[in-house]
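Read-outs throughout are calculated quantities, based only on the coordinates presented, and are distinct from any laboratory measurement. All of these numbers come straight from a predicted model, not from anything done at the bench. Here the Cβ positions follow ideal geometry from the backbone for every residue, glycine too, while neighbour counts run over all protein chains shown.
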Amino acid sequence: MKQPTSQAHVIQAHVIGFPRMGRKRELKFALEDFWRGTTDESVLLQTARAVRLAGWQAQHQAGLDWVTVGDFSLYDPMLDMMVRLGALPQRFGAAPGLEGYFGMARGGKDTPALEMTKWFDTNYHYLVPELAAGQRFSANPADLLAQLQEARQAGLQPKPVLIGPLTFLHLSKAQGAAFDKLELLPALLDAYGELLDALRDCPWVELDEPILALDLDERWCAAMRSAYEQLSRQTTSSILLASYYGPLGAHGTWVTKLPVAGLHLDLCRGAADWPAIAQQWPDDRLLSVGVVDGRGVWRCDLPHWATELRAHGSRPGGLWLGSSCPMMHAPMDLDLEERLDPAVRAKLAFAVQKLHELGSLQDALRSGKTPAVSVQPAQAATGRNDVAGLDRRSMPYAQRARLQRQRWPLPVFPTTTIGSFPQTPGIRGARAALRQGRITPGDYRQAMEQEIAQVIRLQEELELDVLVHGEPERNDMVEYFGELLDGMVVTEHGWVQSYGSRCTKPPIVHGPVSRPEPMTVSWITHAQSLTKRPVKGMLTGPVTILKWSFAQEGAAWRQHGMEIALALREEVADLERAGIGFIQIDEPAFREALPLRRKDWDDYLLWAACAFRVAACGAAPATQIHTHMCYSEFNDIMPAIAAMDADVISIECSRSRMELLEAFRAFAYPNEIGPGVYDIHSPRIPTTEEMVALLEKALTLIPRERLWVNPDCGLKTRRTEEVKPALANMVAAARILRERHG
Ligand code: GLN
Ligand code: ZN
């Protein structure tokens, strides 16, 4: 094991990673221009360089000792690791130019893209590496070396960061015949060894192993031990092993014995580790403490950490102050916000402000003074989370279903959609015009009502059974409610990367959440006034609103979830009062919010299903409550889904060829289900025959009285020309089923 070469000061500061989109999302726009073909490679690469440099300069200006290199990516860091390790699936050929690189990310003419999935419990999506049995690797450090050079030329001291070998392997998927991924580890480590060798001029190299926040079986723990023994022996740089997104927990006992030169801990989500690791981790090795939350928007409690860390400031091995995890999950710069309430602003720190927090904490520890900045304590409980008795419908499902059928006689295999219809240029234009003050709110409302009228007419022509209003007024299913609920704010520029060039702008929950007035009723009743067929009210569920917003962690998080549930419950009541008989409460993030460790699952699931029921269960028995989920591995959480007690659930299904339904059978799901039969993520128009085949398969698992016919997800990203024939085929498929099984 190597000791650090530079010991300028034992207390230093760094980040695990910095947002990579640029202050005003320059990278996003450069990527999209390049993909459209309106600019060439050199423009894109120049923008990328400028964005990287600006990030490093921000780190430097805040007083950080190191600038982090390797966290930047043109699309996704896991994809970059595939390139650096020479681990490209065969269908993409060997050496990727920029076109090949984006081909893997987005699909080429005849080559499907790599699969994309959620990164840990965040709303970031990574590209899943595909590894074959006997996979070869070969190190390709070119991009890293070039970026190190850029940083050095700017006079900055770089600390390269790579996703570590075990995390890379763990998150990859085995392609072809089943084999044990760990068999690939020796070859993979050789490639990592070569990468490290190429980085030998760097005093420190950070290897990120966020899988340390997961439950790992003993084989993976043993593999991690031997991997780091080997890598530490080989490299001349010092290895900083970084864990984040949660506590090390039981892994702590062996991780602290690894022969690495430095260890980074997430002291925001992994605070539970702190006392034990502070003791166990040898004094003569570097300890990096992630005290500034890379995933949140809240200011760090600097006085607290200044006191807590004082005793560690003289560790011979050094103490680094850091972000808890990569800051890619935080918005960029609070200074861009011009309209924020000062009382809210006072609680916030975005990525740039977080850098300055690290700088201040470092100053405080070096000088022995306590930082003057204090943070506001998390707000006190409001007492609004007493939900006893609010989380049960007044009748069990079987009785409700009878009343619902009496109220709205629907055919068997009823057809519906998930909520949104295509976001037309008309919708986008009206929204932009309103934002720029070119039209009045009244004009905007009229434009949206026209869109709704078109969507209703289309659905009547198609003869769908339960209609939707199409959600034209919603830019985003969470932001929309964030704007209307008290206790939440929406920022102007608080973008966070979701995948590739796609960003979302999560609202901020800053205080007790409540509903000042109805949020959806006038849109839905307008839609209902245009048709005799039933229109489904459309809400985003409490878990999803909370998960896709920034909110305080811990007890406050659940408290806010219940506040949101109670606000939605009022909305449900208002929709009912307005005569709406079908209400859908979407929960696409229900699975995503599942804790990383299994021991925490039950507690979360009980709470999450309860929050949903609090929102839904005020409904009269004859009101049919729908919910919708997508991108989920349902098998793990079936009992909790059943415990939500929605009358109908629609789920994404068509891509997995109904495999998900097996989960529903194994558990004997008690209520109604609409397994998606139209993959809305593809521009392809499914034929009637293939949808009939899917439904026939579903019928072997779900009784005919409980089967619905619907697409996988909302139609927002599709074009009307695609949606019309696809839905026509879907309705035709339902008719065929009715003839066969009616
Ligand atoms: N009702 C939403 C829509 O149709 C659901 C979106 C989602 O599942 N993410 O757009
Ligand atoms: Zn969906």
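Tabulated data
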| quantity | calculated |
| --- | --- |
| Over region 680-727: Kirkwood hydrodynamic radius from C-alpha pairwise inverse distances, Å | 11.9 Å |
| Surrounding net charge for N475, when Lys and Arg each add one and Asp and Glu each subtract one, Cβ distance under 11 Å | +1 |
| Alpha-carbon spread of region 68-111, three principal axes, descending order, Å | 37, 18, 14 |
| 3J(HN,Hα) from dihedral phi, region 725-742, Karplus parametrisation 6.51/-1.76/1.60, rounded to Hz, x for glycine, proline | x, 5, 5, 4, 5, 5, 5, 4, 5, 4, 5, 4, 4, 4, 5, 6, 10, x |
| Residue-by-residue Karplus 3J(HN,Hα) for region 116-124, coefficients 6.51, -1.76, 1.60, Hz, glycine and proline x | 10, 8, 6, 8, 6, 9, 9, 9, 8 |
| Mean separation of Cα contacts under 8 Å, 6 or more apart, over the residue count of the chain: relative contact order % | 12 percent |
| Of every Cα-Cα pair in region 210-274, the percent that sits beyond 16 Å | 43 percent |
| When each of K24/K159; K159/K354; K181/K599; K118/K173 is checked by Cα-Cα distance, pairs over 22 Å | K24/K159; K181/K599 |
| Ordering of 533-542, 78-87 by packing [mean C-beta count within 10 Å, highest first] | 533-542, 78-87 |
| Fraction of antiparallel bridges per DSSP, the chain only, in percent to nearest 5 | 15 percent |
| For peptides 483-495, 560-572, sequence by mean Cβ density within 10 Å, most packed first | 560-572, 483-495 |
| For region 172-301, convex hull volume per residue from C-alpha positions, Å³ | 135 Å³ |
| Amide H contacts of F582 (H built 1.01 Å from N, under 5 Å, at least 5 apart or other chain) | G537, Q624 |
| Residues I277, I641, sorted so that the one with the fewest Cβ neighbours within 10 Å comes first | I277, I641 |
| Mean projected area in nm² (Cα convex hull; one quarter of hull surface) for region 38-116 | 6.6 nm² |
| FRET E, pair Q61, V412, Förster distance 56 Å, beta-carbon r, rounded to 0.05 | 0.25 |
| Stokes-Einstein D (µm²/s) once Rh is taken as the Kirkwood radius of region 601-742 over alpha-carbon pairs, at 20 °C in 1.002 mPa s | 135 µm²/s |
| Chain lengthening between E463 and R740 when straightened (0.36 nm per residue, less Cα-Cα) | 97.8 nm |
| Cα-based Kirkwood hydrodynamic radius, region 477-527, one decimal, Å | 12.3 Å |
| Kirkwood Rh and Cα Rg combined as Rg/Rh, region 5-81 | 1.07 |
| Percent of Cα-Cα distances greater than 26 Å, calculated over region 228-375 | 29 percent |
| Extent along principal axes [Cα atoms of region 501-561; Å; largest to smallest] | 46, 33, 16 |
| Cβ-Cβ FRET estimate between A222 and R597, R0 fixed at 22 Å, reported to 0.05 | 0.65 |
| Whether region 419-519 is rounded, prolate or oblate, judged on the alpha carbon gyration tensor where a/c under 1.5 counts as rounded | prolate |
| Additional length obtainable on full extension of the chain from T253 to R684, 0.36 nm per residue less Cα span | 150.0 nm |
| Size-normalised alpha-carbon gyration radius of the chain, reference 2.2 N^0.38 Å | 0.98 |
| Anchor K257: lysines whose Cα lies under 17 Å away (excluding residues fewer than 8 positions away in-chain) | K2 |
| Three principal axis lengths of region 62-178 [C-alpha, angstrom, descending] | 50, 32, 26 |
| Long-range amide H partners of S498 with built H, under 5 Å | C503, T504 |
| Volume of the Cα convex hull of region 108-226, divided per residue and given in Å³ | 156 Å³ |
| Sequence-distant residues sharing a close amide H with H510 (under 5 Å, placed H) | M488, V489 |
| For region 180-312: relative contact order, % (alpha-carbon pairs under 8 angstrom, 6 or more apart) | 20 percent |
| For region 224-237, Karplus couplings with θ = phi - 60° (6.51, -1.76, 1.60), whole Hz, Gly/Pro x | 5, 4, 5, 4, 6, 4, 5, 5, 5, 5, 6, 8, 8, 7 |
| Pairwise label distance in nanometres, H304 with D363, each label 7 Å out on the Cα-Cβ vector | 2.2 nm |
| Under 15 Å, Cβ to Cβ, from R295 - net charge with Lys/Arg +1 and Asp/Glu -1 | -3 |
| Values of log10 I(q)/I(0), in the order q = 0.16, 0.26 Å⁻¹, for region 435-486 under a Debye, Cα-only, solvent-free model | -0.61, -1.03 |
